[in-house]
Amino acid sequence: MASPPRDYYQILGLSREASADDIKKAYRRLARQYHPDLHAGTKKVEMERKFKELNEAQEVLSDPEKRKKYDQHGSQWEQAEAFEQARRQTGGGFGGRASAGYSTGDFSDIFENLFGGSARAGGPRGFASQGEDVETDVALSLREVLSGVTKRVSLMEAVSCRSCRGSGSLRGRPCQVCHGSGTGMEPTTIEVRIPAGVLAGTRVRVGGKGQPGSNGGKRGDLYLHVSIKEDRIFRRQGSDLHATLPVWPWEAALGAEVMAPTLGEPVRVKIPAGSRADSKLRLKGKGLPTATGAHGDLFLTLQIVMSSSISNEERLLYEQLARQPHQDPRAELIIKAQQE
């Protein structure tokens, strides 16, 4: 079921007795608040709808003739106008009245309660309102998560329209650049410090970095939605990191000291003799920071690798090794496969 059309005065937050100046001021204030370029994600879709409603309301109520017809016929004013034109063309051949019987309900009473006076005296003039919050996304690497990072964030900020210099009109007509709002959008860049150890999905608030308020109201806030880029080497689990460490068969069999990667400088680790594939080495404190200031650990999973080609000398050594008695590594697997 389609929702009924909204009252244009309600969209602008004004009473039906609002002056032309009240309408202009309300439109400019709300245009800054609802401008789609100031929002992202699902909120941007909602703001696009509200901004469209706002422009529609301003277009009708700022035109004296259209406003007069709207006040008389409400949301059916265009249909009523078409009906009247058709009636005149046919010499009054239609019966009945063109009025749609529109009523504003109790909207004026709501404003009287909110602002401590009669809403019919011109609406909430000069009421200070906080600027809109701004939301944007920021992607971090694991190395940036390790130490924290200062990010340069690009935003669109509301500024006075350069075409009409913030007046909203040119030569008595609404400015075509800002559509009468007196406001334009310009790119700006700010620096934001993001703390170490931040998790994916975290919403970082930066106070006072949103859009400017109106009539002396304070600025809104900036919210950063943090995502973590996938790393080629490390996989994150909370504050711990996981990585694969390749080793040669003889390093796993005899033990060895090898260099291993971390998010910082490489470190030397000891491979125990007799290590098996998928064995794990734990490097304490080599993970990511936690909220308490401690660090998680780095877990290295051993991967025994083979060269794609071997020399004649290596082949002789493998043949000598093959002649030594060994337990069949597949015996247990075959037994389990035969069991019910």
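The values are calculated or read from the model by the stated rules, or taken from the named source; none is laboratory data. Computed from a prediction, not measured in an experiment: that's the story for all the values here. Cβ atoms come from the backbone with ideal geometry, glycine included; neighbour counts cover every protein chain shown.
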**Report entry** Meets criteria (outside any strand (DSSP E or B), closer than 16 Å to Lys151 by Cβ, at pLDDT 85 or above and not charged (D, E, K, R)) for Ala196
**Finding:** yes
Query raised in the report: For the subset of segment 262-297 comprising residues that are in contact with a Ser or Thr (Cβ under 9 Å, 6 or more places away or on another chain) and among the acidic types (Asp, Glu), which member is surrounded by the fewest Cβ atoms within 10 Å (Cβ to Cβ)?
Result: Asp278
Query raised in the report: Is at least one residue of segment 307-329 of a type in the set (Val, Ile, Thr), under 30 Å from Arg236 (Cβ atoms) and either in contact (Cβ under 8 Å) with a residue 60 or more places away in the chain or loosely packed, with under 13 Cβ neighbours inside 10 Å (or both)?
Result: no
Query raised in the report: Pick from Gln327, Gln320: which is modelled with pLDDT of 90 or more, within 21 Å of Gly274 (Cβ to Cβ) and of a type outside the set (A, V, I, L, M)?
Result: Gln320
Requested in this report: Using the structure shown, decide if Ser163 is in a loop (DSSP other than H, G, I, E, B) and more than 24 Å from Gly217 (Cα to Cα).
Outcome: yes
Report summary line: Within segment 227-261, of all residues that are touching a residue at least 12 places away in the same chain (Cβ under 8 Å), out of contact with any strand residue (DSSP E or B) (no Cβ under 8 Å at 6 or more places or on another chain) and closer than 21 Å to Leu146 by Cα, the one surrounded by the fewest Cβ atoms within 10 Å (Cβ to Cβ) is Gly238
**Report entry** Selection within segment 10-53 - closer than 23 Å to Val159 by Cβ and touching a Lys or Arg at 6+ places or on another chain (Cβ under 7 Å)
**Finding:** Tyr34, Pro36
